[in-house]
Amino acid sequence: MTMSSSLRKLALTAHITSTLGWLGAIVGFLALAIAALTSPDVELVRGAYLAMELTGWYVLIPLCVASLVTGLIMSLGTPWGLFRHYWVLVKFVITVVAAIILFMYTQTLEQLGAMARDATLTINDLRNASPVLHSGLAVLALLVNTTLSVY
């Protein structure tokens, strides 16, 4: 089924917006993760972890799902197809893998948030490099998807 031109433009706009929003949110998340890992201020670390928990649930997850759904709509509703061109399938696989990792990572975000709320923990108890690693890899994955889209 092929979408009309106006519907295709609407779907494409939604896809680009959600995907670039997801990328931007991950970059913001990465900045929080780096601040939490490197700051000597325990309150900043606690605040960063709480902000990362909220960002994960209320920004990253919705934008990830929107990107995945709109990408699927674009591939199935246009002549590009999901299996017709290798780059469309590669982008879809990267997005699905990133989404699965993000959904699994929400447990870590909950743990970081719980740790941030525990006033008895010291800054050394709070430090965790995992958010930097995961968000850095997520930025890389979405940049690969963006590059595949352009080239």
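Numbers at a glance
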{"quantity": "Selection from the stretch 71-91 of residues that are open to solvent by less than 70 Å² (accessible area, probe 1.4 Å) and among the hydrophobic types (A, V, I, L, M, F, W, C)", "calculated": "72, 74, 82, 87, 88, 89, 90"}
{"quantity": "Residue within the stretch 92-104 that is over 23 Å from residue 21 (Cβ atoms), open to solvent by less than 60 Å² (accessible area, probe 1.4 Å) and assigned to a helix (DSSP H, G or I) present", "calculated": "no"}
{"quantity": "From the options 18, 39, residue that is open to solvent by less than 40 Å² (accessible area, probe 1.4 Å), of a type in the set (Ser, Thr, Tyr) and touching a Leu at 6+ places or on another chain (Cβ under 7 Å)", "calculated": "18"}
{"quantity": "Which listed residue, of 54, 68, is open to solvent by 80 Å² or more (accessible area, probe 1.4 Å), of a type in the set (A, V, I, L, M) and either in a helix (DSSP H, G or I) or under 19 Å from residue 133 (Cα atoms) (or both)", "calculated": "54"}
{"quantity": "Residue ID - nearest to the chain's Cα centre (by Cα), chosen from residues in the stretch 54-91 that are closer than 14 Å to residue 23 by Cα and among the small types (Gly, Ala, Ser)", "calculated": "56"}
{"quantity": "Condition check for residue 112: aliphatic (A, V, I, L, M) and surrounded by 14 or more Cβ atoms within 10 Å (Cβ to Cβ)", "calculated": "yes"}
{"quantity": "Residues within the stretch 1-57 that are of a type in the set (Lys, Arg) and more than 20 Å from residue 148 (Cα to Cα), tallied", "calculated": "1"}
{"quantity": "Pairs where the first residue, in the stretch 115-135, is without any contact (Cβ under 8 Å) to a residue 40 or more places away in the chain and assigned to a loop (DSSP other than H, G, I, E, B) and the second is open to solvent by 50 Å² or more (accessible area, probe 1.4 Å) and of a type in the set (A, V, I, L, M, F, W, C), C-beta under 6 Å, 6+ apart", "calculated": "121/115"}
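The values are calculated or read from the model by the stated rules, or taken from the named source; none is laboratory data. Everything numeric here is computed off the predicted structure, so don't read it as measured data. Heads up, the Cβs are rebuilt from the backbone with ideal geometry, glycines too, and the neighbour counts pull from every protein chain shown. All accessible areas refer to the heavy atoms of the entire protein, side chains included, with ligands and DNA or RNA removed. Shrake-Rupley method; radii C 1.70, N 1.55, O 1.52, S 1.80 Å.
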